[in-house]
Amino acid sequence: MVRKRIRDPEVLPEAPAQDADNDSGSDDDVDMVNVEFEWFNFKPDIDFHGVKSLIRQLLDVDSQLFDVSVLADLVLSQPTVGSTVKVDGEETDPYAFLTVLNLREHKDKKPIKDLTEYIISKAKSDPTLNQIADLLSSSAEVGLILAERLINVPGEIAPPMYSMLIDEIEAAVEDKEPYEFTHYLILSKTYHEIASALDQEDAPKSKKSKANRGSKEVFYFHAEDEVLMKHSLASGSYDYTKDEGEGMADSKRAFSEMGVKPQGSMLLIEAAKFEGAVKAISQYLSPPQ
């Protein structure tokens, strides 16, 4: 298993090489790219812009509701809890990150206060998520997990990041730091299929109304979320507050053109079941030896 030193941000691990594409069995059909991913602790002077960009991507259009810069600063203020993943060395921007924030410990800080209020409002909008709203309004110790990666980064990086997080939390608790949680809340993203904007332009009217209904089957941007969901106490998706047209990037318009509608999602896992959930991720996503 990939490891980095837990409490020493200066000592970094050697990371194994990963294939960016799986071999389909034909050299003619697939170009193999050998990529060496490296796991690092957070470095505020290096990682601010990269982490900020990934947080904005995670929160999607609703990132406009928050001070993402301050939230990134808070993430980077915990250098020994959480990880970044890079390809070209420590001085480059991260391709992925994962961390956990104590919602009670930081409850008076504006980005966490705003984010907690947002999560509660979204949880109240769906009966399957009401338990999350109740929990966040109680005295429970909830760790908010934020994790995101660039769209072309393989899911195989997730198991080491989650396994490292467990080790880092254990070390932090031993050091009397506030990471002893009763629950973990994972903020993530899902999507479902809708009518493609491109197809709609040419479709007959009789077919447009049927296509507009789309599909309500849920798909996951992060493959590990499908595993975590099976271990969750509560989980579900929600619509974003901001309209997709408000400040939407060209890449977001491409989703609509392809018939994909992103949504926010949240998963609540009891702390006692978290390690088992992470092991299940490893079994599901770890590359073959």
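Overall, the anisotropy analysis places region 69-198 in the oblate class: the square-rooted eigenvalues a ≥ b ≥ c of its C-alpha gyration tensor yield a/c not less than 1.5, with a/b not exceeding b/c. Pairs from the list 216/273; 189/230; 122/279; 242/273; 113/242 with a Cα-Cα gap above 27 Å: 216/273; 122/279; 242/273.
Taking a ≥ b ≥ c as the square roots of the eigenvalues of the Cα gyration tensor, region 50-92 is oblate, since a/c reaches 1.5 or more and a/b is not larger than b/c.
Once you order the gyration tensor axes a ≥ b ≥ c over the Cα atoms, which shape class does region 36-285 get: rounded for a/c under 1.5, otherwise prolate or oblate by comparing a/b with b/c? Note, shape of region 36-285 comes out prolate. Electrostatic bookkeeping for residue 87 treats Lys and Arg as +1 and Asp and Glu as -1; over the other residues with beta carbon under 10 Å from its beta carbon, the sum is -3.
Computed from point charges on the beta carbon alone (+1 for Lys and Arg, -1 for Asp and Glu), the dipole magnitude for region 36-285 about its Cα centre is near 1200 Debye.
Exposure proxy ranking for 139, 77, based on other Cβ atoms within 10 angstrom of each Cβ and starting from the fewest, stands as 139, 77.
Where a number appears in this text, it was derived from the coordinates with a stated rule and is not lab data. If you're wondering where the values come from, they're calculated on a predicted model, not measured in any experiment. Ideal geometry is used to build each Cβ from the backbone, glycine not excepted, and the neighbour counts take in all protein chains shown.
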